[in-house]
Amino acid sequence: MEYVLKVEGLTKKYKSHPAVNNAYMSIRRGDIYGFVGENGSGKTTLIRLISGLIFENGGSFELFGVKNNSKDIYGARKKIGAIVETPSIYLNMSAYDSLKMQATILGINDEEKIKGVLCDVGLGELLNNKKHVGDFSLGMRQRLGIAMTLLGDPEFLILDEPMNGLDPAGIVEIRELILKLNRERGITFLISSHILTELTLVATKYGIISKGTIIKEITSEELHRECTKTTSIQSNDSSRLMEVLSSILPADMLSYIPEGVKISGEIDLNSVLGTLITSEVTLTSVNCSETSFEEYYLSIVGGAK
């Protein structure tokens, strides 16, 4: 499968401080890549490097197979759209006029395209509305910013904290828009965010960055396995407990714990307990738990301490 972005040992220093430090990242076509890290971890700096807004001190990256030091990188960058920190929009214009101005800058003279992208982001009702963008809600501004990037027909869209500061309704609108553009237009996304629970609703892959270094990349399937539900059952006879559980559950779900057995994964707890009782296994405790993405993230970056 084609890589949209590959980052290899990328480094950016400000004086002696490494804002991005020997970073590695890979994003395949069609991914929605959730980029996670604490404030000051290097997320925005790395996004600026990829977008060509600043230049690296070391390492390299490829966009659509083109090296960052190649003369063809400018052509590759035409395939990306980016909103870094806040959308660049014209606050004293209407939504339509803002898009028309952006289209003029891009050399686009297509009224239907302007109307189309406005409808694509759910702002079609503003086609003939003269309300200034400065009076829009933050969520509407974010969607208009995305519409402006869509004028360039991007294959890869980079969004820096797109849900930051939005109310619940605005977060849902941006989430649904991301999924729609990924599904219908095949756009690959890199989304930085600290709203971890929202990322789990859209992302297919995650990169966790801390102190400028990407310390973990993990797919949504792998994350689901890491954050699986666990059931700990204790008994005064662990061997007998394991024997009965092994007769009804796959072996890879079972592991010994002090005075009992841990079951990893989804189970029908009532059925399992019924079997244990019928088999006359004496139970001393039953505890169910589930690791959240936040807990997993903290365990990776060391924040749990």
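The values are calculated or read from the model by the stated rules, or taken from the named source; none is laboratory data. These numbers were taken from a predicted model, which means no experiment stands behind them. Here the Cβ positions follow ideal geometry from the backbone for every residue, glycine too, while neighbour counts run over all protein chains shown. In case anyone asks, the SASA skips ligands and DNA or RNA and just uses the protein heavy atoms, side chains included. Shrake-Rupley method; radii C 1.70, N 1.55, O 1.52, S 1.80 Å.
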- Message: I'd like the distance between the alpha-carbon centres of region 93-148 and region 223-261, rounded to an integer number of Å.
- Response: 56
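Compute the relative contact order of region 10-62 as a whole-number percentage, counting only Cα pairs closer than 8 Å that sit 6 or more residues apart in sequence.
Working: 52 pairs, mean separation 23.8, N = 53.
Computed over region 10-62, the figure is 45 percent.
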- Item | Equivalent ellipsoid semi-axes - Cα gyration tensor, region 147-305, angstrom | 43, 17, 13
- Along region 24-33, Karplus-curve 3J(HN,Hα) (6.51, -1.76, 1.60; θ = phi - 60°) to the nearest Hz, with x for Gly and Pro, reads 10, 7, 9, 10, 8, 4, x, 5, 10, 9
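Using every Cα-Cα pair within the chain, state what percent have a distance larger than 37 Å. Could you put the intermediate results ahead of the total?
Numbers: 14646 of 46360 pairs.
I get 32 percent for the Cα pairs in the chain exceeding 37 Å.
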- Gaussian network model of the chain, Cα within-10 Å springs - most flexible of I108, I80, I178: I108
- Item | Candidate residues Y14, Y256, Y3: accessible-area rank, largest first, probe 1.4 Å | Y256, Y14, Y3
- Message: Charges at C-beta only: +1 for Lys and Arg, -1 for Asp and Glu. How large is the resulting dipole of region 39-98 about its Cα centre, in Debye rounded to 20?
- Response: 160
- Degrees, to the nearest 10: 238-248 long Cα axis against longest axis of the chain: 60
- Helix 111-120 versus the longest principal axis of the chain: what is the Cα-based angle in degrees, 0 to 90, to the nearest 10? 20
- Enumerate the lysines that K180 could reach by cross-link, defined here as Cα to Cα under 23 Å, with residues fewer than 8 away along the same chain left out. K78, K79, K113, K115, K205
- Note on the structure: Here the net charge surrounding T291, from other residues whose Cβ is less than 10 Å away from its Cβ (Lys, Arg +1; Asp, Glu -1), is -3
- Message: Can you give me the long-range amide H partners of G58? Hydrogens built in the peptide plane at 1.01 Å from N, cutoff under 5 Å, separation of 5 or more residues or another chain.
- Response: T11
- Item | 12 Å beta-carbon shell around E226, net charge (K/R +1, D/E -1) | -1
- How about K211: which aspartates and glutamates have a C-alpha closer than 17 Å to its C-alpha, ignoring those fewer than 8 places off in the same chain? E8, E38, E56
- Collect residues whose amide H, placed 1.01 Å from N in the peptide plane, falls under 5 Å from the amide H of S210; neighbours closer than 5 in sequence don't count. I215
- Long-range amide H partners of A19 with built H, under 5 Å: K12, K13, Y14
